[in-house]
1. Taking interchain pairs and intrachain pairs at least six residues apart, which have beta carbon atoms under 8 angstrom, with the first residue in segment 362-383 and part of a helix (DSSP H, G or I) and the second acidic (Asp, Glu)?
2. So which residues in segment 304-334 are over 17 Å from Leu204 (Cβ atoms), in a helix (DSSP H, G or I) and in contact (Cβ under 8 Å) with a residue 24 or more places away in the chain, if there are any at all?
3. Can you tell me which of Pro249, Pro232, Pro275, Pro269 is buried (at least 18 other Cβ atoms within 10 Å of the Cβ) and over 23 Å from the mean Cα position of the chain (by Cα)?
4. When you go through Phe321, Phe341, Phe333 one by one, which is the residue that is in contact with a helix residue (DSSP H, G or I) (Cβ under 6 Å, 6 or more places away or on another chain) and farther than 30 Å from Ala92 by Cβ?
5. Exactly one of (1) closer than 21 Å to Met368 by Cα; (2) assigned to a loop (DSSP other than H, G, I, E, B); (3) at pLDDT 95 or above is unmet by Gly207. Its number?
6. Which of (1) under 23 Å from the mean Cα position of the chain (by Cα); (2) over 29 Å from Phe341 (Cα atoms); (3) modelled with pLDDT of 95 or more is the odd one out, the single condition Val318 does not satisfy?
7. I'd like the full set of residues that are over 28 Å from the mean Cα position of the chain (by Cα) and charged (D, E, K, R), limited to segment 433-465.
Amino acid sequence: MYSLVIHIVARTSLSHKIYLKVNKTQFANLSTRLQGNHVVRSRCKQTFTIRKQNHIAKIGRLFSNSTIRQRKLVLGIETSFDDTGAAIVDDAGNVLGDALESQTKVHLEFGGAKPDVAKRIHVQNIHPVVERALSDAKLSLQDVDAIAVTNRPGLEPSLYVGLNYAKELVAKSGKPMIPIHHMEAHALTARMIKEIDFPFLVLLVSGGHALLAVAKGVDTFLLLGKGLDMAPGDTLDKVSRCLNLKVLPECQGISGGAAIERIARGGNPKAVTFPGINIKCTPNCDFSFSGTLTFARNWIAAERQKHGLDENEIIPNVSDFCASFQHSIMLQFLRKLQRGFLFCQQKGIVSEKPTLVVSGGVASNQIMRQGFEAVCEESGYCLVCPPPELCTDNGIMIAWNGMEKLLAGSGIAPDPQGVKAIPTKVLARCPIGECHREELVSCRIQLPRLKQLRTRLDSIYSTNKSDMSKG
């Protein structure tokens, strides 16, 4: 039997004619079959895939209710800390071009991020990174509809490199500028890869931040808890340096947090008992890691003295220590989440089928993700984590946040040249949205017993150990 072939001609935003050949029997199901297909993009120096591709999928997304529409495109620029990123996304969540230059290896040599060094490297990288993102997408600056750029929070010298470059592009192209809040971008990245309705709970944990908030809209957030001292990622990095993990072959060239996670595999999380925060006496959702860091440093020093080691040598029980340290960090996250869940339920803030989004660099830790899954299952939440590549700083999240604002008609700067960079210290009291921390504390929410959660975590650890032994 001969199948009828239908020719469809679509004109893209690049004015290219594209022909599709579709069997009549398949045409009716074209849109549904294309739903799962995504675009493949290349990454400068760190190539990774976050979406599946075929050529038909690119064109299929141009069809909406059997009509052809013009897609929106946004260029995003990120220089808030120590990574220079740029990307172009469309309004369907496709990443068309992406480039990233990481400074991780440079700052590892300095023992931490240096603002003056970060600025100098950003200045060197910003133009080639943006140009590579545009080239990757086979687009020119005039093809994009808006330029999104991080202007808060972050290191002020770093922020201004990206912001000033974006101002140059805006002046040259006449395109609108959308200033982006770095943490809001992290919070909404998950909406690019999965359909998530507002409101939802979001936990952002990174090298510079720790916060728990409710995302009520594209630019509307309620802050429930924040970091009071050390950020979790910074704490992990400092302990990694104290352990001198960078000398180990398996930890060469990776961040301190990633090194802790790698060495913790197979370790005993109960080997070292860390002092925990008295959760019952502090009924909030704030995070504190300075005490954990102090205990870790003192314990490591005592172990070195006990075994007659100098500060450049590795302690003999390093795997057990890393597993215990990682466990103490995760346990604080999970207990604060339990309180946040109960508060949102009490106030009727979230939907009947609530969602938790966990993002930021620390969210790349796979053991912690399993812990988040356990506490979400226990509380009836759906957990959504962006892929690890999108948890760290990148231009994609900035471009997508710009797209969300562009489609919502909000956040476009009326005077692009007057936009200023707002460093982290300025937003210290309330790093995101509207502060509801005092209201949460006043509720005096009682947490469920810890025993049940510990049992779930023990099961995770034993399963991972079993998997490692089989591997």
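1. Pairs that qualify, where the first residue is part of a helix (DSSP H, G or I) and the partner is acidic (Asp, Glu), are Gln366/Glu261; Ile367/Glu261.
2. Residues satisfying the conditions are Val318, Ser319, Asp320, Phe321, Cys322, Ala323, Ser324, Phe325, Gln326, His327, Ser328, Leu331.
3. Pro269
4. The match here is Phe341.
5. Only one criterion is unmet by Gly207, namely (3).
6. Condition (1) is where Val318 drops out.
7. Arg444, Arg449, Lys451
Here's the yes/no breakdown for (1) outside the structural domain of Pro414 (by TED's automatic domain parsing); (2) more than 29 Å from Ala296 (Cα to Cα); (3) touching a residue at least 40 places away in the same chain (Cβ under 8 Å):
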site	(1), (2), (3)
Asn164	no, yes, no
Glu168	no, yes, no
Ala171	no, yes, yes
Asp219	yes, yes, yes
Leu223	yes, yes, yes
Lys246	yes, no, yes
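The values are calculated or read from the model by the stated rules, or taken from the named source; none is laboratory data. Here the structure is a predicted model, which is why all the values come from computation and not from measurement. Heads up, the Cβs are rebuilt from the backbone with ideal geometry, glycines too, and the neighbour counts pull from every protein chain shown.
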